[in-house]
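In what follows, a single structure is set out as structure tokens and then discussed.
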Amino acid sequence: MKKVLLLPLLLCSLFYVNSFSQVVNIPDVMGISNPKNQITSPFDVTSLVDTLPPFPGFPKVIAGTTFEGAIYCNMDSDPDLEIVININTTIQAFNKDGSNVAGWPVNVGTQPLQGAPAFGDIDGDGLEEIVCVSTLGSTQGRIYAYKKNGTAVTGFPITHGYSARTPVLADLNNDGKLEIIVNKRLSSAGEVWVYKGDGTVYSGWPKPINHVPASSSAVGDITGDGIPEIIAESYTSLYAWDRDGNLLNGFPFVLPGDYKNSYSSPVLADVNNDNIREIIFGSQSQSGTGCVHIVRNDGTVYPNWPKITDNWVYTAPAVGLINNDNVLDIAVGDQVLSGTPIDKLYCWDVNGNSLAGFPVNTLNAINSQILIGDIDNDNNMELIIDDNTRSDPGERGQYLAYNHDGTPVSGWPIQLNGWTMFNVPCLTDIDRNGILDIIGSGQTGFGATANINLYLWNTGKNYNASKIVLPVFQYNVRHDGVYNKPSLVSTGNNGSFVTKGFELKQNYPNPFNPSTTINYSIPKPEFVKLCVYDLLGKEVASLVNEIKGAGSYEFNFNALNLSSGIYVYKISAGDFSASKQMILIK
């Protein structure tokens, strides 16, 4: 089967097409192409037949383009999860059978959506919302927020301007309401903005950056004070502010030499077990090589870093315990335009040592963040990457999977229609039956002829949430970029400790009006669902619906929109479930 590398339209619509080889190039955020790009004749690649069965009703074929992937979340009253994805000017939401979730899709008009949707409670009503950004020119971009039924949240949309990539949600002031962190591209500079869930600007923001924005932000505690910081990239520098917009000492961190930032969103992780997170991100040299950095919270470089790659790094780093030696590891892929497979999958431990079996050679332009998880039930981590080739004819793409030692995973690759560049897959259990499912997508065609082919596959392997380290773009459906080890857990006040067992505590205060705090603990990473029901068993609020690391958590539940009465809140985490009653008195 003959394959030609494809690089799709992204961000600023900066691309070109070579008519002879049918190759499309994606430059960096300033429109500069890798000088090492090679356009040669197609090359031969032998691909396996698709070994995973798709769910009935999939693939879904929708006109348009997308990048940074779909998310999974609970959009209705049944226990199954749903799939939400931005495609062109529509926000699509699908059930496990491929049918539309009630109230969806939503069409935002003429402005193409950017990045992935984010999911979380931004207005404190106890129910999550869908948040997306769009752009059209330099001034007309908007920020959208929708209820689960597809109706707009009060105060939205916001006419914000050119916001690139994926919005990030985080509770900056511990009031139970998530703030929205986005960037804004200006002609030769940029800004970082923070909005509250009512559409107003958070105090102290926006903040200027010295060049155009390069990626989505990351939000998490990197100083150990229990208060999250905001980390963002310009084309030439890395910024870190406290929640009030004060720049941390040592920032901005200016990239060394001729390195620039493009698309590689930062990840926050405690790399040396001191309960202080570091910042990990990738960049590219104007000479054609790539680079992965680790920077401390004072703007200094971590020992034995950065690490140089053969080609540019567009992937956000993937951080986790990959080879079971209890030393944190970092994985990225590089990419360059080539008619032969010359790109690589890299894995280093945090001391800068390459893992045995890495780098994996002769790959094709890895651009999506690499997923980490045990996908074959062997109690070892595997890595899932995008593989950006196109058959001629047929437009078949694929996802590849590699073991912790760099060997291919049996039964892979997964083939699909379209190339997978920037279409980050998801690892989840969509129908809650204990079996691992995978969401993925591929793009065929360009411009007016572009289509997204959205897939949902059943792996037939047991799903263990504690073994899925990086299941979705930037670790969770809020996309905050925070890696949490079992020993470093974000609680209500970002404390750090390990809990001894499962527990659901009685809410306090009780009775309450209109808000109360619910505390729970889990001893290991699990997919946690915490919901509130009325006495007829109808779900009235979904509070938590994602993978959580081991630790103790608290959730501030606001029942402003509920009537007085008795309610039940229930937690499910792995094999553990518990429920308690609470009384709302208005």
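The values are calculated or read from the model by the stated rules, or taken from the named source; none is laboratory data. Since the structure is predicted, the reported quantities are computational estimates derived from the model, not experimental observations. Here the Cβ is made from the backbone with ideal geometry for all residues, glycine too, and neighbour counts use every protein chain on show. Side chains included, ligands, DNA and RNA excluded: accessible areas come from the protein's heavy atoms. Shrake-Rupley method; radii C 1.70, N 1.55, O 1.52, S 1.80 Å.
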The listed residue being hydroxyl-bearing (S, T, Y), within 18 Å of the chain's Cα centre (by Cα) and modelled with pLDDT under 95, out of T420, T362: T420
Search result, residues across segment 365-395 that are of a type outside the set (S, T, N, Q), in contact with a Leu (Cβ under 7 Å, 6 or more places away or on another chain) and modelled with pLDDT under 95: A365, I366, D387, R390
Hits in segment 446-468 (condition: outside any helix (DSSP H, G or I), among the small types (G, A, S) and open to solvent by 20 Å² or more (accessible area, probe 1.4 Å)): G460
Top-ranked residue of segment 550-575 - restricted to ones that are assigned to a loop (DSSP other than H, G, I, E, B), under 25 Å from V469 (Cα atoms) and in contact (Cβ under 8 Å) with a residue 12 or more places away in the chain, ranked as least open to solvent (accessible area, probe 1.4 Å): A550
Lone qualifier among R243, R185 - being among the basic types (K, R) and open to solvent by less than 40 Å² (accessible area, probe 1.4 Å): R185
Segment 307-364, residues that are touching a Leu at 6+ places or on another chain (Cβ under 6 Å) and among the β-branched types (V, I, T): V350, V360
Answer from D334, D310, D298, D329 - the residue that is over 18 Å from M381 (Cα atoms) and either among the small types (G, A, S) or crowded, with 20+ Cβ neighbours inside 10 Å (or both): D334
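Give the residue, chosen from G98, G103, that is touching a Gly at 6+ places or on another chain (Cβ under 7 Å), open to solvent by less than 40 Å² (accessible area, probe 1.4 Å), at positive phi and not hydroxyl-bearing (S, T, Y). Give the derivation first.
Numbers: G103 fails: open to solvent by less than 40 Å² (accessible area, probe 1.4 Å).
Step by step, each of G98, G103 is checked, and only G98 is touching a Gly at 6+ places or on another chain (Cβ under 7 Å), open to solvent by less than 40 Å² (accessible area, probe 1.4 Å), at positive phi and not hydroxyl-bearing (S, T, Y).
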Condition check for S234: among the polar types (S, T, N, Q) and open to solvent by 10 Å² or more (accessible area, probe 1.4 Å): no
Any residue that is open to solvent by 10 Å² or more (accessible area, probe 1.4 Å) and over 24 Å from G57 (Cβ atoms) - is there at least one of those in segment 424-442? no
Take the residues in segment 246-270 that are small (G, A, S) and in a loop (DSSP other than H, G, I, E, B); name whichever of them is most open to solvent (accessible area, probe 1.4 Å). G257
Is one or more of the residues making up segment 117-139 open to solvent by 10 Å² or more (accessible area, probe 1.4 Å), polar (S, T, N, Q), in a strand (DSSP E or B) and over 25 Å from Y569 (Cα atoms)? no
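Scan segment 296-316 and tell me whether some residue there is in contact with a Lys or Arg (Cβ under 8 Å, 6 or more places away or on another chain) and farther than 23 Å from L355 by Cβ.
Yes - at least one qualifying residue is present in segment 296-316.
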Quick one: is I279 within 17 Å of P306 (Cβ to Cβ) and either open to solvent by less than 10 Å² (accessible area, probe 1.4 Å) or not in a loop (DSSP other than H, G, I, E, B) (or both)? yes
Looking only at segment 399-410, which residues are part of a loop (DSSP other than H, G, I, E, B) and either crowded, with 18+ Cβ neighbours inside 10 Å or modelled with pLDDT under 90 (or both)? H404, G406
Can you find, within segment 165-182, the residue that is farthest from Y553 (Cα to Cα) among those that are open to solvent by less than 10 Å² (accessible area, probe 1.4 Å) and part of a loop (DSSP other than H, G, I, E, B)? R165
G109 - would you say it is buried (at least 24 other Cβ atoms within 10 Å of the Cβ), more than 22 Å from L530 (Cα to Cα) and at pLDDT below 95? no
Matching residues in segment 547-559 - criterion: being at pLDDT below 85 and within 17 Å of V482 (Cα to Cα): I547, K548, G549, A550, G551, S552
For segment 56-80, enumerate the residues that are over 17 Å from the mean Cα position of the chain (by Cα) and either aliphatic (A, V, I, L, M) or open to solvent by less than 40 Å² (accessible area, probe 1.4 Å) (or both). F58, V61, I62, A63, G64, M75, D80
